[in-house]
Amino acid sequence: MRNSPSVRRRDFLRGVAAAGAVASTSSLLAACGGLAGSGQSGSTGGTTIRIAHIVPQTGPLAGFTEPDAYLLDLVRAVYAKGVQVGGTTYQLEIITKDAASDSNRAAEAAREAILQDQVDLILTGVTPTVANPVSDQAEAAGVPCIASLVPWESWFTGRGGDPATGFRYTVCFFTGASGEIRAVPPVWARLPVSEQTIGALWPNNVDGDTFRAAFTPAIEGIGFRLVDPGPYAEPASDYSAQIGRFRSDGVQILTGVPAPPDFATFWRQCRQNGFVPPYAYVHKAILFPAAVEALGDLGENLMTSAWWTPDLPYTSSLDGMTAKALAEGYQQRSGRQWMQPMGFTYALFEVALAGIRAAADPKDREALAGALRTLQTETIVGPLDFGGGPAPNVAFTPVFPTQWQRGSGQYPYELVIVDNALAPDVAITGDVKPLPGSGAA
């Protein structure tokens, strides 16, 4: 039985709350065991390439994978044709496994895929909670693995990656904090504010610590003054101290990385206390439509960072589908608005097929892993270069400053791209608008 829309929304908001932009995962190395190359590799034989897709289908992160049934139907239609490499036609089999939004279960699912299913390749993603333990298991066993939907710094540094050598069997493609601090502060610098003052709502957790460390010097670098009232414990019910500080210090731009429920509480209290800054740029809390719609009218013109939207000019290497067509197909099938993760989920299977085609023998794990480490390919999220990224094994994708503006169609809000500094080939689809009720022109 399918869940009701209200249940899906509650699960989705819990999922966004659990999904940090960056998370510490060094403890997972011990839990997930092993060093690179300690397992068996070599050819698995036969002409069927078995691919495990390990993501959180249940639990607090399941909202990220809500479009997966639609996406996997599209992928399987392409994969059913098989792939020819070196004169041999290989059949492609996808095995899905639920990581249950839990690092221990994610590692267990990876072990099952490796030992029981004898997979040739693993695809994984959705925050370090899942992507890191799965990648660690693959690295230890010598099985090629592709990760996404996890900030690359969390995946690489959190797993103890060596900047000189990287990993042998595991690769990752996504954006990260390095993209955020390059893309966002320049947008703030251009906003027409009366005072160059930014107020920060940093929670007392790894996300807050990471964003404080990254954005404090970035804000100073554009000549703005940072108002930081200090870390707060999540969940919180009273933000009067922070709101009072922001108001007394004349904050013109609000930023932060709160969980969706906490931001909703804070944002409503801001209105109740008469604090409405001209602009608000909020990470994590308002990534997806459900979180913004839950705010009602208070969601209008909130800004956030996006990794993928239907307005990107890229097409899929699987079937030539455009980003717009992928999003519209999901909306027509599900009746729900498109979501950012769907582009990267689809791209996982693009990278998998490109790697298989690039390998001299795709059934040889060493050959497939070697092909992935240096792979250059085009995808629905843009061009990827695993050999030329910010770290070995990493293909960097840009982040786009965006704003939730009133929708003109069936959905209350639409995400418009307001800056394209990290990817000039992406069109800007709207101008930044001030928050209603702020008094800004």
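The values are calculated or read from the model by the stated rules, or taken from the named source; none is laboratory data. This structure is a prediction, so every number in the text was calculated from the model and none was measured. Positions of Cβ are backbone-derived with ideal geometry, glycine not excepted, and every protein chain shown enters the neighbour counts. With ligands, DNA and RNA removed, areas are computed over all heavy atoms of the protein, side chains included. Shrake-Rupley method; radii C 1.70, N 1.55, O 1.52, S 1.80 Å.
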Using amide H atoms built in the peptide plane, which far-off residues or other-chain residues are under 5 Å from Phe174 H to H? Ala395, Thr397
May I ask you to evaluate 6.51 cos²θ - 1.76 cosθ + 1.60, the Karplus curve with θ = phi - 60°, for each residue of region 392-398 and list the ³J(HN,Hα) values in order in whole Hz, giving x for glycine and proline? x, 6, 10, 10, 8, 10, x
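Taking K and R as +1 and D and E as -1, what net charge do the other residues with C-beta under 13 Å from the C-beta of Ile94 add up to?
Details: positive: Arg50, Arg76, Lys97; negative: Asp68, Asp73, Glu93, Asp117, Asp120.
Here the count lands on -2.
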Amide hydrogen neighbours beyond the local backbone of Ala306, cut-off 5 Å, H modeled: Phe400, Thr402
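For the chain, calculate the relative contact order in percent as a whole number, restricting contacts to Cα pairs under 8 Å that are 6 or more residues apart. If you can, show how the numbers build up before the last one.
Numbers: 964 pairs, mean separation 77.8, N = 441.
Relative contact order of the chain: 18 percent.
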Could you go through region 297-313 in sequence order and give the Karplus-derived ³J(HN,Hα) for each residue, using 6.51 cos²θ - 1.76 cosθ + 1.60 with θ = phi - 60°, rounded to whole Hz, and x for Gly and Pro? 5, 6, x, 5, 6, 6, 10, 7, 9, 10, 9, 7, 9, x, 7, 5, x
Check Gly256: other-chain or 5+ apart residues with amide H under 5 Å from its amide H, H built from backbone geometry? Leu201, His283
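With only Lys, Arg, Asp and Glu charged, each at its Cβ (+1 for the first two, -1 for the last two), find how big the charge dipole of region 214-333 is about the Cα centre; round to the nearest 20 debye. Let's see the in-between values first.
Numbers: 8 positive and 12 negative charges, 31 e Å.
Roughly 140 debye for region 214-333.
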Among Gln137, Leu121, Ser154, whose Cα lies farthest out toward the positive end of the dipole of region 108-178, if unit charges sit on the beta carbon of Lys, Arg (+1) and Asp, Glu (-1)? Ser154
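When Lys and Arg each count +1 and Asp and Glu each count -1, what net charge do the other residues less than 15 Å away from Gln272, Cβ to Cβ, add up to? Walk me through the numbers before you get to the answer.
Numbers: positive: Arg247, Arg268, Arg271; negative: Asp238, Asp297.
With Lys, Arg at +1 and Asp, Glu at -1, the net is +1.
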Rank Ser135, Ser237 by accessible area, highest first, at a 1.4 Å probe radius? Ser237, Ser135
What list of ³J(HN,Hα) couplings, whole Hz, do you get for region 360-370 from phi and the Karplus terms 6.51, -1.76, 1.60, once you set θ to phi - 60° and write x for glycine and proline? 4, 9, x, 8, 8, 5, 5, 5, 5, 5, x
Counting Lys and Arg as +1 and Asp and Glu as -1, each charge on the Cβ, what is the dipole of the chain about the Cα centre in debye, to the nearest 20? 500
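Shape verdict for region 329-402, please, from the Cα gyration tensor: rounded (a/c under 1.5), prolate (a/b greater than b/c) or oblate.
Numbers: a/c = 3.56, a/b = 1.64, b/c = 2.18.
The shape class here is oblate.
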Counting Lys and Arg as +1 and Asp and Glu as -1, each charge on the Cβ, what is the dipole of region 269-375 about the Cα centre in debye, to the nearest 20? 160
Leaving ligands, DNA and RNA out of it, work out the accessible area of Lys433 with a 1.4 Å probe and give it in Å² to the nearest 10. 100
Region 394-409 residues near the modelled Ile428 label - backbone nitrogen below 20 Å, point 7 Å along Cα→Cβ: 398-406
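Which sequence of Ile94, Ile146 reflects their accessible areas, 1.4 Å probe, from the largest down?
On the way: Ile94 20, Ile146 0 Å².
Solvent-accessible surface, decreasing: Ile94, Ile146.
On average, how much accessible surface per residue is there in the chain, in Å², for a 1.4 Å probe, leaving out ligands, DNA and RNA?
Values: 16150 Å² over 441 residues.
Ligands and nucleic acids excluded, the figure is 37 Å² per residue.
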Can you tell me what share of the DSSP beta bridges in region 52-154 is antiparallel? A percent to the nearest 5 is fine. 20
At 1.4 Å probe size, with the rest of the protein present, what percent of the exposed accessible area of region 117-227 is carbon and sulfur atoms? 52
